[in-house]
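J.: One structure follows; several queries about it will come next.
Bear in mind that the values in this text are calculations on the coordinates, not laboratory data. Predicted model, so just to flag it, every value in this text is computed and none were measured. Using ideal geometry, Cβ is built from the backbone for each residue, glycine included, and neighbour counts are taken over all protein chains shown.
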Amino acid sequence: MNPKKLERNIIKYNLYKIFTKRVFLPLISIYLIDVGHVSLLQLGILASVAAITNIVMEVPTGYLADYWGHKKSIVFGSFLTTISVIPYIFYPSFVGGLIASIGFFAGYAFTSGTLQAFIHETLLALKREGEYSKIMGRAQSYGLMGNVILISLIPLSYQLDNRLPFILGFFCLLASFLIALSLNNPPERLSLEVEKKNVIKELGGILKKTSWVRMLIVFLIFGIVSAGFDQSSLFREVAFRSINIPVQYFGFILALGSLLAAITGAYIHKLDRLSTNVFLLLPGKPRL
C-alpha cells in the first residue's frame, strides 16, 4: 500500500479522538432528571448497567475484532456509539437512557483497544513502530484539547433547547464514524497471527483451569472499581446542581480536567525513559 495513505491514518486518528467523546456528558443526568423525570435510583441502575455492559462486551468484541478485522470492528463500534445518542433526543426517559447507555458502551468496547492495535499495525507497515508511544500520547492530547473546546461550548446550548447538546453530540459522533470509514487498512497480520478459534470453547477451557470462586471475586472487584471510576460522573452534575452551580458551567468544569490530561498526554512518551520499577514507584533506576 502507498505509504502516504497509511500516514493519513495517523492524522485521521487525531481527528477521531476529538469527535469520539460524548460532548454532552456533563448534561446526561440533569437532562434525564429534568426531561425524563428519572430518579436517583434509576440513575444508579443506568450506571450499573453501563458498567456491566462494558465488562461483559470486552471479551467477545476483542474476539470479533480479530475475526472480522480491526477496521470493520472500529467502523461497527463507531456506528453503535453514534446511534446510541438517538434515544436521548427522541425518547428521554429511563428506558431511553438504558438503551443509550448499552448502545454506547457496547460500541466503545468494539473500538477500545482495537483502534490502538490498528494504529500499531499502521506504524509497523511504515517501519515507525518505535514512535508508537509518542503518536498515541499526542493523539490523546489533540483529542482532549478538541474536547476542551467542544465540551465547554456545547453545554451552553442547553439553555436554548435542552435537546440541542445531544443533537450536536450526535453530529460529532457521526464525524468519528465517517473518519473510521475512511481509514486505510495496513497489510494484514503484520504483527501476531491470530488463529480463529471458537471463543466459547476457549472460555470453557479457561474456566476449567480456574476456580469459580476466584473468578467471581475478580469480576466483582473489577466491576465495582470500574463502575465507581467510570460511572460516578452521572451523579457529579447532580451534586453540582445541589450546590447551585449553573448548568452552563458544567462543561467548563469538566474541560479543566481534560486540559490537564491533554498537557500530560503530549509528553507521556517521555515515560518510556523510565524503568518498569520506577514507573510503578518501586525501587529501581531510570533507563538512560
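J.: Please tell me which of these pairs span more than 19 angstrom C-alpha to C-alpha: K5/K71; K17/K71; K17/K127; K12/K134; K17/K134?
T.: The pairs that break the limit, which is 19 Å between Cα atoms, are K17/K127.
J.: Under 16 Å from a label point 7 Å along Cα→Cβ of L41: give me every residue in segment 91-127 with its amide N that close.
T.: Residues 94-95 qualify, since their backbone N sits under 16 Å from the label point.
J.: Follow-up question, since we're still on this one. Can you bin segment 49-158 into rounded, prolate or oblate? Criterion: square roots of the alpha carbon gyration tensor eigenvalues sorted a ≥ b ≥ c, rounded for a/c under 1.5, prolate for a/b above b/c, oblate for the rest.
T.: Cα axes put segment 49-158 in the oblate bin.
J.: Roughly speaking, what is the centre-to-centre gap between segment 37-87 and segment 93-121 when only Cα atoms are used, to the nearest Å?
T.: Taking the Cα centre of each part, segment 37-87 and segment 93-121 sit 4 Å apart.
J.: Net charge near N147, counting Lys/Arg +1 and Asp/Glu -1 over other residues with Cβ under 15 Å of its Cβ?
T.: Computed value for this residue: +4.
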